[in-house]
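Quick one: structure below, then a few questions.
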Amino acid sequence: MRFADLNLARRLEMAEALAGRICAEAMARERGKRYATVLEVAGGCAVFTGVGSPITQAVGLGLHGPVTEAEIEKMEAFYRKRGSPVNIEFCPLAHATLGELLGRRGYRPIEFSNVLVRSLRRRERFAAPARSISIRRAAANEADLWARTVAQGFAEHFPVTPELLGILRAFATRPGSVCFFGLVNGKIAGGGVTYLNKRLATLGGASTLPEFRGRGVQTALQNARLKFAAAKGCDLAMTITQPGSTSQRNAERRGFGVVYTRIKFLRKWR
């Protein structure tokens, strides 16, 4: 069992902020800074990768000391200039000034998410998948295939748009990312990604195609990614889920535990 403290929160939130930054920078190189850019603010990052993008949000604010109104105003101007509302992932270990400022400035909570972690040991053993299931790493030239597979697995929640495919491709190709396919009887059935950063492995981007669900593909993908991260010397794995979701239950079965619950705050422009 790991207990949340400020040092752990900084490690987890800064890793996610860095991942968002790298993703935005990769998209900016392909499409230009008009479409993707980053602002360092209040000890964290405000990332923009398009209006409505799941990565267009601020992460890691208030974890290195008090937050000022001027910093929040600067971040708001950054998003307003680009026609985007402000989304902030609020860590409960952030400095109290952040919550006070958000309350005064008309932000409202719109989403909760649980941050779960699990310790890793280099020689740890993980259960093998069922005989019909196999896991393999995506090749360097399979980023587009991986992005399409994961996007199709999320299709009931997020439409498969060129913008979403571009974001997932950026996830797949950023430094530190390792993508995996899950296969059922040799057919691609789903995918997931592991992002490695300073002995921390972040598990994300996982989905299963509808016709292959309920066969253990996600369990196999999770075990394979944990095994890979442990072999690479990571001592901690992180994943983020919706509270009470199937994803949370699957993670807890693999030894993850909730360390804190984040709140996403939104401010729209009138």
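The values are calculated or read from the model by the stated rules, or taken from the named source; none is laboratory data. Treat the numbers as computed from the prediction; the structure is a model and nothing was measured. Virtual Cβ from ideal backbone geometry, glycine too; neighbours counted across all protein chains shown. Each accessible area value is taken on the protein alone, full model and side chains, heavy atoms only, with ligands, DNA and RNA left out. Shrake-Rupley method; radii C 1.70, N 1.55, O 1.52, S 1.80 Å.
With (1) over 16 Å from A138 (Cα atoms); (2) in contact (Cβ under 8 Å) with a residue 40 or more places away in the chain as the list, and K232 as the residue in question, which single condition is left unmet?
(2)
From the list Q222, Q218, pick out the single residue that is surrounded by 15 or more Cβ atoms within 10 Å (Cβ to Cβ), free of Cβ contacts under 8 Å to residues at least 40 places away in the same chain and either under 22 Å from R199 (Cβ atoms) or not polar (S, T, N, Q) (or both).
Exactly one residue qualifies, and that residue is Q222.
Within segment 54-103, how many residues turn out to be under 20 Å from N7 (Cα atoms), assigned to a loop (DSSP other than H, G, I, E, B) and small (G, A, S)?
Residues in segment 54-103 being under 20 Å from N7 (Cα atoms), assigned to a loop (DSSP other than H, G, I, E, B) and small (G, A, S): 4 in total.
Between a first residue in segment 54-75 that is within 24 Å of R11 (Cβ to Cβ) and in contact (Cβ under 8 Å) with a residue 12 or more places away in the chain and a second residue that is buried (at least 19 other Cβ atoms within 10 Å of the Cβ) and aromatic (F, W, Y), which pairs have beta carbons less than 6 Å apart while being 6 or more apart in sequence or on different chains?
Filtered contacts from segment 54-75: T56/F48.
Do the conditions hold for R121, that is, is it in contact with a helix residue (DSSP H, G or I) (Cβ under 7 Å, 6 or more places away or on another chain), more than 24 Å from G233 (Cβ to Cβ) and open to solvent by 60 Å² or more (accessible area, probe 1.4 Å)?
So R121 does not fit the description; no.
Kindly provide the set of residues from segment 172-203 that are among the small types (G, A, S), part of a loop (DSSP other than H, G, I, E, B) and closer than 14 Å to P129 by Cβ, ordered by number.
G186
Now a separate question. Quick test for you: out of A94, A138, pick the one residue that is touching a Cys at 6+ places or on another chain (Cβ under 9 Å), surrounded by 14 or more Cβ atoms within 10 Å (Cβ to Cβ) and among the aliphatic types (A, V, I, L, M).
Selected residue: A138, the only one of A94, A138 that is touching a Cys at 6+ places or on another chain (Cβ under 9 Å), surrounded by 14 or more Cβ atoms within 10 Å (Cβ to Cβ) and among the aliphatic types (A, V, I, L, M).
Right, something else. Return the residue satisfying two criteria in turn: it lies in segment 226-269 and is outside any helix (DSSP H, G or I) and polar (S, T, N, Q), and of such residues it is nearest to E111 (Cα to Cα).
If we take residues in segment 226-269 being outside any helix (DSSP H, G or I) and polar (S, T, N, Q), then Q242 is nearest to E111 (Cα to Cα).
Out of curiosity, is A206 among the small types (G, A, S) and either open to solvent by 20 Å² or more (accessible area, probe 1.4 Å) or assigned to a helix (DSSP H, G or I) (or both)?
Yes.
Moving on. How many of the residues in segment 177-191 are modelled with pLDDT of 95 or more and buried (at least 21 other Cβ atoms within 10 Å of the Cβ)?
Adding up the residues that qualify gives 8.
Can you tell me which condition L168 does not meet? The list is (1) modelled with pLDDT of 95 or more; (2) within 14 Å of the chain's Cα centre (by Cα), and all the others hold.
(1) is the only condition that L168 fails.
Moving on to the next point. Out of all the residues in segment 257-265, is one or more of a type in the set (S, T, Y), at negative phi, out of contact with any strand residue (DSSP E or B) (no Cβ under 6 Å at 6 or more places or on another chain) and surrounded by fewer than 19 Cβ atoms within 10 Å (Cβ to Cβ)?
Within segment 257-265, none of the residues are of a type in the set (S, T, Y), at negative phi, out of contact with any strand residue (DSSP E or B) (no Cβ under 6 Å at 6 or more places or on another chain) and surrounded by fewer than 19 Cβ atoms within 10 Å (Cβ to Cβ).
Further question: Can you name the residue in segment 1-51 that is open to solvent by 50 Å² or more (accessible area, probe 1.4 Å), part of a loop (DSSP other than H, G, I, E, B) and without any contact (Cβ under 8 Å) to a residue 40 or more places away in the chain and is also farthest from R118 (Cα to Cα) among such residues?
R34
Residues R137, R118, R108: which one is within 19 Å of T241 (Cα to Cα) and at pLDDT 95 or above?
R118
So how many residues does segment 52-77 have that are under 22 Å from the mean Cα position of the chain (by Cα) and open to solvent by less than 40 Å² (accessible area, probe 1.4 Å)?
Counting residues in segment 52-77 that are under 22 Å from the mean Cα position of the chain (by Cα) and open to solvent by less than 40 Å² (accessible area, probe 1.4 Å) gives 11.
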